[in-house]
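Okay, so here's the structure we're looking at.
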């Protein structure tokens, strides 16, 4: 059961990756033969003018301000990493100018990139990173750490008004597994390693990290830790804040390192300060991570519930009861409808399917049907027993088991969705996601509140229907995450402003409704305005003070994670 | 299955508790009829003069320096909590002068208490605590938070050279469960509540926190959080840093509060800064904690292994394999021998027992035998299946299941051991414990190193044999805790100095050997000298800076947790 990465060395050559969109050049959403039918279906759903694809702008259409680094400064930087690992060319600067948020991709495709790093450096190891940070602090150069660059909340962009020059520090040459401890089941790894390369190194030894965020193929270990990332199987393998055992971090004031203790009662857990630091303290260069034995079996199945509420109760029972699932993912009624229709667009109507639908409706499974995908991984007996136990709980809450077909289909396409955004943008359709988490007792109220906020924000500028879909993908005894996907027709020329209004309305609904502004995407720049509602001014004082101890001159990724002091 | 506390209201009347030893007045170690035989056996083991009990000094023998608080200051303090909740009498000051470490109890029984708080206040709620902290900061009064006072590492003692007056803030009037959320399975509780009272409130509702440190009866929720405490069933219920969902903390600069999100990616997890803060940031006044449904069944069993190594491998397999145990506790050969002999002292030699021993020896279970106690809690099916699965793994590693008798015996007496210390001190026998944790790959090396360090330190001053016993009581996929108990004959007049030498040697062996200076007792004052070896100077800078943001005048429990800046 090995994840064979599509390509094992793309991280060396940035040109194999799209500079203006998701993933590798030549990889696209697998529409197959149904492409035309799918666009027709989307056009029917959203209404308005017939959809027409407008190609994005080309690389040469973008002009960037000249690098502000002097020759002397560049010479000093090159002395650390080597001439060939310091770049100031157009491609490298544009590639590293922004991340992969909705607004990033929109601007990369249609214009609006006003700033870019003044240089990009690729250090080889901790010592080079440390030397770079000392040097940049001394020279007054801002440093932005960059792994896969897949941030969807503005994590790798230079601050708008930066007067100091900016160096982007690309970590992806630091890609080696340094040690595997088979007794403690840990690996110590350089953090610039991409997801597929990491699993490629671990799985032949019989282990897995089991961390598969949707960005898996194009994000790095360091990025996962820096934003407290969660993988799709977080129920089974934990999230970055959980599987991080120890970290090594270079800061402008020197090294901060934590140790591989399984547990310690010696004050604050510094791993939980490093995890989620979003490049604002330093660069996490090495990490010791907790491994799991590669599972002998995987079982992913679908269950249909009469409602989102019934499915959510099943998840709550399972997670509070300690049933060792790897994944529980529950779509709400709108998302269930969307995926059903999306999957059927362009296919002949099956009379069997219609009969099944009628039958379901007769049994009370109407418009509110909610699809759950359940996953269990592990030994054969464990997998069989756990799935049986889970299905019993689901059935008790009104679920109808749909078998493995649905689960396998999801599993096969689980990294594909990000590729759908660009062909939609080509056609003037916006698609955005955002997420939160809250206690079980508040889950449905928050779900409804955010749905309404998004719909209302779109209705403010558009007569066309919009799609607002939600799902639970990470669950805990205390509560669960809520992930929203929404699709709308953009008004040409007003795309960014409209997106900002939706994003602001949804974010405000989240924090007003008792959710966290991010369950797993991070704060970075885009979520900062709403963070004040969940953390107090005094908390920020403490966090800023700790930060200033390791980065007194705000060298590291300024403008992210913490509001500036004067805005308390 | 309810834990009925022996007394439900002792926390109001400090006079029902021993001022100079463990637990409640009138409660003693349950020697039963075997007392004389047990002392005879201990005398035989340790050698030397016949044991003779010397009673401790009485309350009146202690003289404390006069309270340095002026009448005006006392009036202001009393205005916050009420006249009747501010104490400066001899009993209250002596009761709150120290905790329950070896040196604390020794000094309380035989003299050597030179300082005590200048007053003791019992605030009723968060607001009163907040007001006290503002006032004390303004008046230059040191504040020491005090819950059960069961710290074994110097957590509640005033700094030796404090020039400012000291107020001990006793939290135990804050003892109410504020809310139980049955959907999210959380409770919000005032933190001065004692263990038994907490379970007494939760269990009738069908829930448990499941946190049973050995100090359970005489420690508080706030204390558990403040030192990152672990309960005996931490495998099943997690430790304080895990079950803490949200905290409310009063600091000299105001309130710091975290929210009840199940998970969040918004930067540092402040719960992990508050947990383990040891009273140095402020007073944790309220906490939202994760509950579990009260288990329908408990199954505790014994397993005998041919060696500590074999038993440790079984624990590692179980915890890395995700088998949902509540507890796995493995004694090393010396502890196994001790408990066997202790349990048999004064009992007639059973011919059956001798035959069993011969049989075991014939099968290779010789002097290295190691006893494991396994616990599973939960529903009937879960308990049966999990225990069966665990026993299979144990047998595969050479374990011989001993059945429930041994488990039930341990369970019944699991809070008794602390009562053994004082009758031993009466007889000039020192008994002390210390603990650490490390990765599995380092466990046996560290175990041996610490054993030798303790033996060598005792041999430096004594010809008598000493007992050094160890066990694993908390385990994780990455590693486990090691807990040492050692017993030695003290040289009259030199008790404290000798203890200091053993403690220093063991602590140095722990940090040199790759262990943390504390898995669950905390740092406080006594472990501070060794903390520098596991955290870097730069980490301390960051932690001190964060601390100074909430407590700029070092009002809160100074001299604990973090080394002073000048000692970097």
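Residues that are buried (at least 19 other Cβ atoms within 10 Å of the Cβ) and closer than 17 Å to residue A:307 by Cβ within the stretch A:425-467 comprise A:440, A:443, A:446, A:447, A:451, listed in sequence order. Being touching a strand residue (DSSP E or B) at 6+ places or on another chain (Cβ under 9 Å) and within 7 Å of another protein chain (Cβ to nearest Cβ) holds for only one residue in A:324, A:306, A:295, and it is A:324. Suppose we filter B:563, B:492 for residues that are more than 12 Å from every other protein chain (Cβ to nearest Cβ) and modelled with pLDDT under 95; which single one remains? Only one candidate passes the filter, namely B:492. Listed by first and then second residue, the pairs with beta-carbon distance under 9 Å, at least 6 apart or on different chains, first residue in the stretch A:510-526 and free of Cβ contacts under 8 Å to residues at least 24 places away in the same chain, second assigned to a loop (DSSP other than H, G, I, E, B), are A:511/A:517; A:511/A:532; A:511/A:533; A:511/A:534. Remark: pairs (first residue in the stretch B:265-286, more than 8 Å from chain A (Cβ to nearest Cβ) and within 17 Å of residue B:558 (Cα to Cα); second residue modelled with pLDDT under 95 and surrounded by fewer than 24 Cβ atoms within 10 Å (Cβ to Cβ); Cβ separation under 7 Å; 6+ apart in sequence or on different chains) are absent. Looking across the stretch B:395-412, the residues that are in a helix (DSSP H, G or I) and within 30 Å of the chain's Cα centre (by Cα) come down to B:404, B:405, B:406, B:407, B:408, B:409, B:410, B:411, B:412. Residues of the stretch B:40-54 that are in contact with a helix residue (DSSP H, G or I) (Cβ under 7 Å, 6 or more places away or on another chain) and either surrounded by fewer than 16 Cβ atoms within 10 Å (Cβ to Cβ) or closer than 12 Å to residue B:487 by Cα (or both): B:50, B:53, B:54.
Kindly provide the set of residues from the stretch B:221-261 that are under 11 Å from the mean Cα position of the chain (by Cα) and more than 9 Å from chain A (Cβ to nearest Cβ), ordered by number. Residues satisfying the conditions are B:223, B:224, B:231, B:232. Each residue in the stretch B:161-180 was checked for being surrounded by fewer than 24 Cβ atoms within 10 Å (Cβ to Cβ) and touching a residue at least 60 places away in the same chain (Cβ under 8 Å), and 7 of them qualify.
Annotation for the stretch A:376-391: at least one member residue is without any contact (Cβ under 8 Å) to a residue 24 or more places away in the chain and loosely packed, with under 14 Cβ neighbours inside 10 Å.
Among the conditions (1) more than 21 Å from residue A:174 (Cβ to Cβ); (2) touching a strand residue (DSSP E or B) at 6+ places or on another chain (Cβ under 9 Å); (3) buried (at least 24 other Cβ atoms within 10 Å of the Cβ), the only one that residue A:272 does not satisfy is (3).
Okay, residues lined up against (1) in a strand (DSSP E or B); (2) at pLDDT 95 or above:
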| site | (1), (2) |
| --- | --- |
| B:361 | no, no |
| B:366 | no, no |
| B:374 | yes, yes |
| B:393 | no, yes |
| B:414 | no, no |
| B:430 | yes, yes |
| B:442 | no, yes |
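Looking at this structure, is residue B:198 away from every other protein chain (no Cβ under 14 Å) and in contact (Cβ under 8 Å) with a residue 12 or more places away in the chain? Spelling it out, residue B:198 is indeed away from every other protein chain (no Cβ under 14 Å) and in contact (Cβ under 8 Å) with a residue 12 or more places away in the chain. The single condition from (1) surrounded by 20 or more Cβ atoms within 10 Å (Cβ to Cβ); (2) part of a loop (DSSP other than H, G, I, E, B); (3) away from chain A (no Cβ under 14 Å) that residue B:349 fails is (1). Looking only at the stretch B:522-534, residues that are at the interface with chain A (Cβ under 7 Å from one of its Cβ atoms) and over 15 Å from residue A:263 (Cβ atoms) come to 1 in all.
In the stretch A:236-267, of all residues being assigned to a helix (DSSP H, G or I) and touching a helix residue (DSSP H, G or I) at 6+ places or on another chain (Cβ under 7 Å), the one that is farthest from residue A:522 (Cα to Cα) corresponds to A:237. Evaluate the following for residue B:504: is it surrounded by fewer than 21 Cβ atoms within 10 Å (Cβ to Cβ), at pLDDT 95 or above and within 22 Å of the chain's Cα centre (by Cα)? Here the answer is yes, as residue B:504 does meet what is asked.
The criterion of being crowded, with 16+ Cβ neighbours inside 10 Å, touching a strand residue (DSSP E or B) at 6+ places or on another chain (Cβ under 7 Å) and more than 14 Å from chain A (Cβ to nearest Cβ) holds for residue B:421.
Does residue B:79 satisfy being farther than 30 Å from residue B:292 by Cβ, at pLDDT 95 or above and not in a loop (DSSP other than H, G, I, E, B)?
yes
Conditions (1) more than 7 Å from chain B (Cβ to nearest Cβ); (2) at pLDDT below 95; (3) on the phi > 0 side of the Ramachandran plot; (4) assigned to a loop (DSSP other than H, G, I, E, B), marked per residue:
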site: A:511; (1), (2), (3), (4): yes, no, no, no
site: A:515; (1), (2), (3), (4): yes, no, no, yes
site: A:520; (1), (2), (3), (4): no, no, no, yes
site: A:540; (1), (2), (3), (4): yes, no, no, no
site: A:544; (1), (2), (3), (4): yes, no, no, no
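Taken together, the residues in the stretch B:444-480 that are within 14 Å of chain A (Cβ to nearest Cβ), in contact with a strand residue (DSSP E or B) (Cβ under 9 Å, 6 or more places away or on another chain) and not in a strand (DSSP E or B) amount to 7. Annotation: residue B:354 fulfils all but one of (1) under 16 Å from residue B:401 (Cα atoms); (2) in a helix (DSSP H, G or I); the unmet one is (1).
The values are calculated or read from the model by the stated rules, or taken from the named source; none is laboratory data. Note that the structure is predicted; figures quoted are calculated from it, not measured. Cβ: placed from backbone, ideal geometry, glycine included. Neighbour counts: every protein chain shown.
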